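Quick notes on the structure that follows.
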Amino acid sequence: MKNNVTRFTCNGCGTCCKERLIPLTLQEAEEWLNRGGNIAVILEAFDTSVFPLPEHYAHSVQRAVAVVSGDARIQVIAIFAGNALTQCPSLGEDNHCRIYEDRPLVCRIYPMEINPFLTVRPEEKVCPPEVWEAGEVLCSDRIVDPVLEDQIQRSRQADRDDAKAKVLVCAAMGMSVAAWKGNALAVYLADRAQLRQAISLVRAGVDVPANVSWKVRVDDADLHTRLHGAGVELDLRAQTEYIFHSI
Ligand code: SF4
Ligand code: SF4
């Protein structure tokens with residue numbers, strides 16, 4: 001970055017399509033499943049009334065859903081992410097996207113940030129160094145490409161519009177333990193058929209168990225004590241159906 005101008009030209013290396021989870025809108029998640037892909041569901045919880053969050057979490061607050069946990073009300077975000085932990089199933093052997101015209105919004109936006117409170121930092125991206133040295137201006141003090149700006153706005157709006165439906169899908173599937181935001185991740189490797197069915201039920205407006213008491217999993221003793229004191233129900237099981245990953 002020079003004079004706050006970031007230049008970038010994608011070289012098509014395909015690195016951003018490998019060894020990662022690809023956040024999806026609800027519709028994109030359905031399309032991903034319909035193509036035979038698998039989805040990981042990441043559940044995050046927080047409570048801004050008791051635990052203030054840094055400013056850059058403001059985007060998260062807008063895409064969260066209020067739920068009951070024990071004697072408390074907390075906010076939960078369900079992130080549906082395409083499983084590309086080896087590589088994206090739509091990535092061809094030539095490293096080209098085989099669904100390029102239909103690829104998810106986040107694939108169109110990368111390496112830009114969706115969170116309006118984050119600035120793109122080349123050193124945090126998987127793109128090789130040379131792609132940042134020339135080419136079109138990606139951004140300066142604002143995003144200069146109106147198409148990219150529109151895609152980012154649509155992605156943010158979808159995060160907000162899909163929030164409740166995604167949380168309902170999780171409740172319908174019994175995925176109701178979230179990790180505390182900033183402390184850990186709770187990741188469910190969702191069964192494809194069950195997830196497709198749950199999304200269909202929620203889409204159709206069929207009643208799903210919305211009165212679930214959510215639980216929170218943390219690995220920090222002080223945080224555990226604070227959440228317990230606030231009445232939040234904690235998950236204490238040794239064996240769980242989700243992957244718990246401390247940050
Ligand atoms: S959908 Fe296409 S662009 Fe997106 S991760 Fe898969 S191969 Fe890459
Ligand atoms: S890692 Fe960067 S340069 Fe490589 S394909 Fe993805 S966006 Fe393009």
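Each value in this text was obtained by applying a stated rule to the coordinates, not by laboratory testing. Computed from a predicted model, the values in this text were never measured in an experiment. Cβ atoms come from the backbone with ideal geometry, glycine included; neighbour counts cover every protein chain shown.
Restriction of the chymotrypsin sites (Phe, Trp or Tyr not before Pro) in the stretch 76-162 to DSSP coil positions whose beta-carbon has at most 15 other beta-carbons within 10 angstrom yields Phe117.
Assuming 1.567 mPa s and 4 °C, estimate D for the chain with Stokes-Einstein, Rh taken as the Kirkwood radius over Cα pairs, in µm²/s. Estimated diffusion coefficient is 67 µm²/s. Computed from point charges on the beta carbon alone (+1 for Lys and Arg, -1 for Asp and Glu), the dipole magnitude for the chain about its Cα centre is near 320 Debye.
Our summary gives the chain a relative contact order of 29 percent, counting only alpha carbon pairs under 8 angstrom and 6 or more residues apart.
Our compactness index for the stretch 112-247, the C-alpha radius of gyration over the empirical 2.2 N^0.38 Å, is 1.37.
Computed from Cα atoms alone, the Kirkwood hydrodynamic radius reported for the stretch 1-124 is 16.7 Å.
Computed per residue of the chain from DSSP H runs no shorter than four, each worth -39500 (n - 2.57), the mean residue ellipticity at 222 nm is -8000 deg cm²/dmol. Placing dummy labels 7 Å off each Cα toward the beta-carbon, the span from Thr9 to Ala221 is 5.6 nm.
For the pair the stretch 68-99 and the stretch 208-231, the centres of their Cα atoms are 23 angstrom apart.
Remark: Asp222, Asp162 ranked as Asp222, Asp162, counting other beta-carbon atoms within 10 Å and listing the fewest first.
Between Asp145 and Lys18, the modelled labels are 2.3 nm apart [label points 7 Å from Cα along Cα→Cβ].
Using a Gaussian network model of the chain in which every pair of alpha carbons under 10 angstrom is joined by a spring, one finds that among Ser155, Ser176, Ser49 the greatest mean-square fluctuation is at Ser49.
Between Asn38 and Asn83, the built amide H atoms are under 5 Å apart, and every one of these is 5 or more places off in sequence or on another chain. Panel note: the C-alpha atoms of the stretch 78-161, placed on their principal axes, show extents of 37, 36, 23 Å (largest first). Backbone geometry of the stretch 238-247 corresponds, through the Karplus equation with coefficients 6.51, -1.76 and 1.60 at θ = phi - 60°, to 3J(HN,Hα) couplings of 6, 9, 9, 8, 10, 8, 9, 10, 5, 9 Hz, x marking Gly and Pro.
May I ask for the angle, rounded to the nearest 10°, between helix 192-203 and the longest principal axis of the chain, with both axes built from Cα atoms and the value confined to 0 to 90°? Taking Cα atoms only, the helix is inclined about 80 degrees.
Note that the stretch 21-33 has calculated 3J(HN,Hα) couplings of 9, 10, x, 10, 6, 4, 5, 5, 5, 4, 5, 4, 5 Hz, one per residue in order, obtained from phi through the Karplus relation 6.51 cos²θ - 1.76 cosθ + 1.60 (θ = phi - 60°); glycine and proline are x. Using +1 at the Cβ of each Lys and Arg and -1 at the Cβ of each Asp and Glu in the stretch 6-246, identify which of Ile22, Val144, Val206 lies farthest towards the dipole's positive end. Value computed over the given set: Val206. Only beta bridges with both residues in the chain are counted; by DSSP, about 85 percent of them are antiparallel. Note that the stretch 59-67 has calculated 3J(HN,Hα) couplings of 4, 5, 4, 5, 10, 9, 10, 6, 9 Hz, one per residue in order, obtained from phi through the Karplus relation 6.51 cos²θ - 1.76 cosθ + 1.60 (θ = phi - 60°); glycine and proline are x.
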